[in-house]
Amino acid sequence: MNLPGSVKIREVGPRDGFQSLERLIPLAEKIEIIEALIGAGVPEVEATSFASAKALPQFQDADQVLTRVSGTNTLLSAMVFNETGARRALSAGAGRLVTVVSATDAHSRANMKRGIDAALKNLDAIFQAAREYHAPVTGAVAVAFGCPFQGDVPERDVFRIARALVSKGAGAVILADTVGTAVPDRVEKRVNAFRDRFVETELILHFHNNRGTALANLLAALLAGATVFDTALGGLGGCPYVPRAAGNIPTEDAVFMLEEMGVETGIDLDALIAAARRLESIVGHPLPGQVMKSGPKIIGPRL
């Protein structure tokens, strides 16, 4: 296998994971999990979302989440949807903004209550606020591998959004498998096509595990040259607008696989497992992560 020496893991559990829960998680417990991730050496944590409190009441404490976690070398990013959210996030100390546009008009209208063209125009004020604060912006392309309303999404539609994000100033682009329909060969082709077209732009892959293909997709992307991946502690998460959505790639499962393959993550797996088990006790139901159940590895000689 032609593998890179190292990868970067972006932890999205405190945003994508908590977003999927109906029960409001107390602020102190959110901070506890974020600080556990920081202690494990995770280089970037998507800590919260500055969505409308009416739409996503889980994040009514978004400002406090950022201001309560301080004095860390870990990059704390926040998802934003408009200028107001962007300025709140930046004022609270977000080191990076993440904003999202759907690759299909149908998903954009269902998810954001506006079509693609309006969603793209809405980004201008977000990027302007980021420039004023000298903060980087990551743009995410939702339903980049399949749409619950349209089905397959042509490559040209995905790259139209990616190109718009880059032209507005995004230094990185996330291709998100929002509904978990990606399979390895499609991932390989899309990663190769992206890297050919956007040579100077950091590519991030975000896979949901609705159909059990997320780790296989990560491996396919890795072999195609991708080195930055979104994962979520314990596998918590999934799109709240997709019925019975499964979670994300569990961070500890990804770290175990990568490190066993000789790909460095810089993350303490034992600390991750402890954090995932604590998260499971906080949310009050079993999480889909496997390594948190089985442990890092069997002690004994390698066969």
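The values are calculated or read from the model by the stated rules, or taken from the named source; none is laboratory data. Worth saying up front: this structure is predicted, and the values here are computed from it rather than measured. Neighbour counts run over all protein chains shown; Cβ positions are idealised from the backbone, glycine included. All accessible areas refer to the heavy atoms of the entire protein, side chains included, with ligands and DNA or RNA removed. Shrake-Rupley method; radii C 1.70, N 1.55, O 1.52, S 1.80 Å.
Tell me, how many Å apart are the Cα centres for the stretch 205-239 and for the stretch 158-200?
First find each Cα centre; the distance between them is then 14 Å.
Along the Cα-to-Cβ line of residue 216, 7 Å from the Cα, sits a label point; which residues in the stretch 178-192 have backbone N less than 13 Å from it?
Residues passing the 13 Å test: 181-188.
Alpha carbons only, please: Rg and Dmax for the stretch 144-287, in angstrom.
In Å, with Rg to one decimal and Dmax whole: 15.6, 44.
In percent, what relative contact order does the chain have, based on Cα pairs under 8 Å that are 6 or more apart in sequence?
Normalised by residue count, the contact order of the chain is 20 percent.
What ranking, highest mean first, results for peptides 222-235, 195-208, 99-112 when packing means the other Cβ atoms within 10 Å averaged over each residue?
With the highest mean Cβ count within 10 Å placed first, the list reads 222-235, 99-112, 195-208.
Sorted by average packing, counted as other Cβ atoms within 10 angstrom per residue and highest first, what order do 160-169, 269-278 take?
Going from most to least packed, we get 269-278, 160-169.
DSSP beta bridges in the chain, what fraction antiparallel, as a percent rounded to 5?
5
Residues of the stretch 101-166: accessible area per residue at 1.4 Å, in Å²?
44
Computing the accessible area with a 1.4 Å probe over protein heavy atoms, can you report the carbon and sulfur percentage for the chain?
51
Across the chain, how many lysine pairs, 8 or more positions apart or on different chains, have C-alpha atoms separated by under 30 Å? Please give the number.
The number of close lysine pairs in the chain is 17.
Just for the stretch 174-265, what percent of DSSP beta bridges are antiparallel, to the closest 5?
10
Distance from the Cα centre of the stretch 3-68 to that of the stretch 271-301, in angstrom?
Distance between centres, Cα-based: 18 Å.
DSSP beta bridges in the stretch 48-195, what fraction antiparallel, as a percent rounded to 5?
Once the DSSP bridges in the stretch 48-195 are tallied, antiparallel ones form about 5 percent.
Ignoring everything except DSSP H segments at least 4 long, calculate the 222 nm mean residue ellipticity for the chain; use -39,500 (n - 2.57) per segment, divide by total residues, nearest 500.
-12000 deg cm²/dmol, from helical runs alone.
Once you have a ≥ b ≥ c as the square roots of the Cα gyration tensor eigenvalues for the stretch 59-209, tell me rounded if a/c is under 1.5, and otherwise prolate or oblate according to whether a/b is larger than b/c.
Prolate, because a/c is 1.5 or more and a/b exceeds b/c.
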